[in-house]
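Student: Have a look at this one before I ask anything.
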Amino acid sequence: ETGVTQTPRHLVMGMTNKKSLKCEQHLGHNAMYWYKQSAKKPLELMFVYNFKEQTENNSVPSRFSPECPNSSHLFLHLHTLQPEDSALYLCASSQDWATEAFFGQGTRLTVV
Amino acid sequence: AQTVTQSQPEMSVQEAETVTLSCTYDTSESDYYLFWYKQPPSRQMILVIRQEAYKQQNATENRFSVNFQKAAKSFSLKISDSQLGDAAMYFCAYRSPPSGGGADGLTFGKGTHLIIQP
């Protein structure tokens, strides 16, 4: 049990589907993150939320839409994705900038 | 922008031996944090060790230690007495002070795949 839980663990979706990834942290942290991990590439930071407010969007296409209803929950809404969006999507949380980030086990997304 | 470089895509070591994974980074900041994370096949990213840039002393965590050379912007990880359970992808990561209020994300290297030979 890491304190950061992601669901689902695996997701296969068509390019016209709409789906959502969910992340929940039980650590009392005030910052949450979405990362994308593709083969042969470094982890890419997608979004950062601090105290439920989005503070960073790393030029992510609008087909990815984050939502942070409270400091414990983070969603990533997906629509009209492309096959190149297939990747492992990792959620993380941290207390502040000086502490380490705790990661969930990720959602393996396949777009067909 | 900060960059993190791991020049070894793959490393192999015999069980019980010592291995060093290299990491260099580029930054104009003087205060920052560096991390090594381990990602086994289960995909869980697990913190191995953390180094604060303003601390001269190298961080140590049991069999894991770092060689932090601030002037050279180098942050290598040494694993002593390697065990089969150490087999994983190892990622070096950098975090700078936040630009505004709150935390910013980590910048990761591409990772090093560590193989432990029994």
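Student: Per-residue mean of other chain beta-carbon atoms within 10 angstrom of the beta-carbon, peptide B:104-112?
Tutor: Numbers: counts 9, 17, 9, 4, 7, 2, 4, 5, 0.
Other-chain Cβ atoms within 10 Å of each residue's Cβ, averaged: 6.
Student: Go through B:14-27, B:54-67 and give me the packing order, highest mean Cβ count within 10 Å leading.
Tutor: B:14-27, B:54-67
Student: Using the Karplus curve 6.51 cos²θ - 1.76 cosθ + 1.60 with θ = phi - 60°, what ³J(HN,Hα) values do you get for each residue of the range A:78-90, in whole Hz, with x for Gly and Pro?
Tutor: 10, 8, 6, 6, 10, x, 6, 7, 4, 5, 9, 9, 10
Student: Could you work out, residue by residue across B:86-92, how many beta carbons of other chains sit within 10 Å of that residue's beta carbon, and then give the average as an integer?
Tutor: Mean number of neighbouring Cβ atoms from other chains: 1.
Student: So what does B:GLU29 come to for accessible area, using a 1.4 Å probe and Å² rounded to 10?
Tutor: Accessible area of B:GLU29: about 80 Å².
Student: Could you please report the charge total around B:GLU15, scoring K, R as +1 and D, E as -1 over all other residues with beta-carbon less than 11 angstrom from its beta-carbon?
Tutor: So the surrounding residues net to -3.
Student: Among all the lysines, which ones have a C-alpha under 20 Å from B:LYS55's C-alpha, if same-chain residues fewer than 8 places away are not counted?
Tutor: Candidates past the 8-residue exclusion: B:LYS70, B:LYS73, B:LYS78.
Student: Using packing as a proxy for protection, rank A:37-43, A:12-18 so that the peptide with the highest average count of other Cβ atoms within 10 Å comes first.
Tutor: A:37-43, A:12-18
Student: Right, another one. Mind checking the mean number of beta-carbon atoms from other chains within 10 Å of the Cβ atoms in A:88-96?
Tutor: Rounded to a whole number, the mean comes out at 2.
Student: Right, something else. For A:LYS36, give me every one of the lysines with a C-alpha distance below 19 angstrom, ignoring sequence neighbours fewer than eight places off in its own chain.
Tutor: A:LYS18, A:LYS19, A:LYS22, B:LYS38, B:LYS110
Student: Then there is this: Determine which residues of the range B:12-30 fall in the zone a paramagnetic label at B:ASN58 would reach in this model, i.e. backbone nitrogen under 18 Å from the point 7 Å along Cα→Cβ.
Tutor: B:17-25
Student: Which cross-chain or sequence-distant (5 or more) residues have an amide H under 5 Å from the amide H of B:LYS110, H modelled 1.01 Å from N in plane?
Tutor: Close amide H contacts, sequence-distant or interchain: B:GLN6.
Student: Could you list, by residue number, the cysteines of the protein assembly as shown that have no other cysteine's beta carbon within less than 4.7 Å of their beta carbon?
Tutor: A:CYS68
Student: If you don't mind, there's one more thing I want to ask. Using θ = phi - 60° and the Karplus relation 6.51 cos²θ - 1.76 cosθ + 1.60, list the HN-Hα couplings for the range B:20-28 in order, rounded to whole Hz, with x at every Gly or Pro.
Tutor: These are the phi-based 3J(HN,Hα) values: 10, 9, 9, 7, 10, 8, 10, 7, 9 Hz.
The values are calculated or read from the model by the stated rules, or taken from the named source; none is laboratory data. Since the model is a prediction, treat every value here as computed from it, not as a measurement. FYI the Cβ positions are ideal-geometry reconstructions off the backbone, even for glycines, and counts take in every protein chain you see. For accessibility, only protein heavy atoms count, side chains too; no ligands or nucleic acids. Shrake-Rupley method; radii C 1.70, N 1.55, O 1.52, S 1.80 Å.
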